[in-house]
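J.: The structure under discussion is supplied below as structure tokens; questions concerning it will follow.
The values are calculated or read from the model by the stated rules, or taken from the named source; none is laboratory data. Keep in mind that what you see is a predicted model, and the values were worked out from it rather than measured. Here the Cβ positions follow ideal geometry from the backbone for every residue, glycine too, while neighbour counts run over all protein chains shown. Ligands, DNA and RNA are stripped out before the accessible areas are found, and what is left, the full protein with its side chains, is counted by its heavy atoms. Shrake-Rupley method; radii C 1.70, N 1.55, O 1.52, S 1.80 Å.
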Amino acid sequence: MTRVFMSRPLPERVQAAARARFDVTVRAETGPLSRAEMLESLREYDAVVPTLGDLYDASLFADVPSPRCRLLANFGVGYNHIDVDAARAAGIAVSNTPGAVTDATADTAMTLMLMSARRAGEGERIVRAGAWEGWHPTQLLGMHLSGKTVGIVGMGRIGQAIARRCHFGFGMTVAYHSRSEKQLDFPATRADSLLALAGSVDVVVIAVPGGAETNHLINADVLAAMQPHAHLINIARGNVVEEAALIGALEQGQIGGAGLDVYEFEPRVPDALKALENVVLLPHIGTAALEVREDMGLMSVNNLVAFFDDQPLPNGV
Ligand code: NAP
């Protein structure tokens, strides 16, 4: 029977769907795989369901010359932790779970936009500290989102879902930066450059994939171009933002605030960030809803089934 290795416990429905067809081993730990575990997964299993943090890099494939593994059916749309070219050269296909994550991640972006613009984290800390002295007209004044301009960096599935929420829900003007012009069913203007976008919007939202190409795309220059009242939201990958530069910009009040779901060296969150009032810090909960994690897992299982039925991979990357 085809042996499948799941690198983390996935929701029960997903495990049941996989077990109905495969001989499934579910690793009990919730943290990333060690190198030894990844080597074993390539040697001992026909397919692996890896996820964020499981670093299948080129050196790993080089150390397993004749892998038993033929498919990495990634749980998640982001696959920057897998060297896809090296996997392919080793005869291993890779799939991901696009679409299943889109709305939930866009919702998380809106959560961060609202929390950052309206100083919700700061307010919550005041209440919990017993320091709230009651309502008054000039307390905790934030930025009103309605009618403002959002700048989406990376107008893909999630970027567009965020833009729709901003346009239809908040009456915001939408601008974006992308490598290619997009056909969109809502009004949006493509900026001439990332710096031009950064300088002209009230909220910058990052929705590009992680990886070498987008590493530190948001650097000190981009942060310096932003308006002093503008907010930066990152629901993409931590390495897209140069975290040290962001800390500097927040400390100096160079930008209005930031909302982060992901971190450059997560799960390590710098003390300097935790010390700041003008940043909202979430623990990478972009897709953290049971139905969404079930949909993602079932999509991984669909990829496994199609692959071992010799059908085209539905979500090959
Ligand atoms: P997608 O549909 O592929 O969209 C990514 C967009 O980024 C594309 O439209 C692409 O546009 C643009 N892009 C890529 N490289 C770029 C660059 N160098 N400069 C400017 N734009 C660039 O992917 P998605 O489904 O929206 O997901 C996006 C990312 O979100 C994922 O890769 C993942 O890392 C992250 N994510 C995070 C969470 C979370 O829990 N926080 C959850 C889900 C996903 P062009 O190709 O036209 O240039």
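J.: Round to a whole number: what % of the accessible area of the chain belongs to carbon and sulfur, probe 1.4 Å? Present the calculation step by step, with values, prior to reporting the outcome.
T.: Numbers: 7640 of 14540 Å².
C and S fraction of accessible area: 53 percent.
J.: Let me ask something else about it. Which ³J(HN,Hα) values, rounded to whole Hz and listed in residue order, are derived for segment 20-28 from phi using the Karplus coefficients 6.51, -1.76 and 1.60 in 6.51 cos²θ - 1.76 cosθ + 1.60 with θ = phi - 60°, glycine and proline given as x?
T.: Along segment 20-28, the couplings run 4, 10, 10, 8, 9, 10, 10, 6, 7 Hz.
J.: About the Cα centre, and with charges only on the beta carbon of Lys, Arg (+1) and Asp, Glu (-1), how big is the dipole of segment 102-281? Nearest 20 debye, please.
T.: Using only the charged Cβ atoms, the result is roughly 400 debye.
J.: Could you pull out every residue, at least 5 positions away or on a different chain, whose amide H is within less than 5 Å of the one on V24? Hs are placed 1.01 Å off N in the peptide plane, and Pro or chain starts have none.
T.: Residues meeting the amide H criterion: V4.
J.: Could you pull the Cα extents of the chain along its three principal axes, largest to smallest, in whole Å?
T.: 68, 47, 33
J.: In what sequence, highest mean first, do 255-262, 129-136 appear when ranked by Cβ atoms within 10 angstrom?
T.: Per-residue Cβ counts within 10 Å, averaged per peptide and sorted highest first, yield 255-262, 129-136.
J.: Round to a whole angstrom and tell me the spacing of the C-alpha centers of segment 43-83 and segment 4-34.
T.: If we compute the Cα centre of each part, the gap is 15 Å.
J.: Could you give each residue of segment 112-120 its phi-based ³J(HN,Hα) in whole Hz, using Karplus coefficients 6.51, -1.76, 1.60 with θ = phi - 60°, and x for Gly or Pro?
T.: Rounded to whole hertz, the list is 5, 4, 5, 4, 6, 5, 9, 6, 5.
J.: Sorted by average packing, counted as other Cβ atoms within 10 angstrom per residue and highest first, what order do 290-302, 58-70 take?
T.: 290-302, 58-70
J.: Additional query: Evaluate the charge dipole of segment 66-207 about its Cα centre and quote only its size in Debye, nearest 20, assuming +1 on the Cβ of each Lys and Arg and -1 on the Cβ of each Asp and Glu.
T.: With only Lys, Arg, Asp and Glu charged at Cβ, the dipole is about 280 debye.
J.: Can you find, among Q311, L140, S116, the residue sitting farthest towards the positive end of the charge dipole of the chain, where Lys and Arg contribute +1 and Asp and Glu -1 at Cβ?
T.: Farthest towards the positive pole: Q311.
J.: Let me ask something additional. Please tell me the relative contact order of the chain in percent, rounded to the nearest whole number, where contacts are Cα pairs under 8 Å and at least six residues apart. Mind dumping the intermediate values first?
T.: Details: 621 pairs, mean separation 54.9, N = 317.
17 percent.
J.: What residues qualify as long-range amide H neighbours of I233, i.e. H under 5 Å apart, gap of 5 or more or another chain, H built at 1.01 Å from N?
T.: V204, V205, I206, G259
J.: How much area per residue is accessible in the chain when the probe is 1.4 Å and only protein heavy atoms are counted (Å²)? Intermediate results must be reported in sequence, preceding the final value.
T.: Details: 14540 Å² over 317 residues.
Averaged over the residues of the chain, the accessible area is 46 Å².
J.: What net charge is computed for the residues neighbouring R27, neighbours being all others with C-beta under 11 Å from the C-beta of R27, Lys and Arg scored +1, Asp and Glu -1? Mind dumping the intermediate values first?
T.: Numbers: positive: R8; negative: E29, E37, E40, D54.
Summing Lys and Arg as +1 and Asp and Glu as -1 gives -3.
J.: OK, next. Using θ = phi - 60° and the Karplus curve 6.51 cos²θ - 1.76 cosθ + 1.60, what whole-Hz ³J(HN,Hα) does each residue of segment 160-169 get, with Gly and Pro shown as x?
T.: 5, 5, 5, 4, 4, 4, 5, 6, 7, x
J.: Now a separate question. Contour minus end-to-end for A288 and R35, with contour as 0.36 nm per residue of separation and end-to-end as the Cα-Cα distance? Walk me through the intermediate numbers first.
T.: On the way: separation 253, 0.36 × 253 = 91.08 nm, distance 2.63 nm.
The A288-R35 span can extend by a further 88.4 nm.
J.: Using only Cα atoms, locate the centre of segment 191-220 and the centre of segment 289-317, then give the distance between them in Å, rounded to an integer.
T.: The distance from the Cα centre of segment 191-220 to that of segment 289-317 comes to 31 Å.
J.: Treating only the Cβ atoms of Lys and Arg (+1) and Asp and Glu (-1) as charged, compute the dipole magnitude of the chain about its Cα centre; round to the nearest 20 debye. Present the calculation step by step, with values, prior to reporting the outcome.
T.: Values: 26 positive and 36 negative charges, 98 e Å.
About 460 debye.
J.: Work through the residues other than G238 whose Cβ is under 14 Å from its Cβ and net out their charges, Lys, Arg +1 and Asp, Glu -1. Can you show the working numbers first?
T.: Numbers: positive: R237, R268; negative: E242, E243, D261, E264, E266.
After counting each charged neighbour, the total is -3.
J.: Going toward the positive end of the dipole of segment 102-281, with +1 on Lys and Arg Cβ and -1 on Asp and Glu Cβ, which of F186, Y263, N219 do you reach last?
T.: F186
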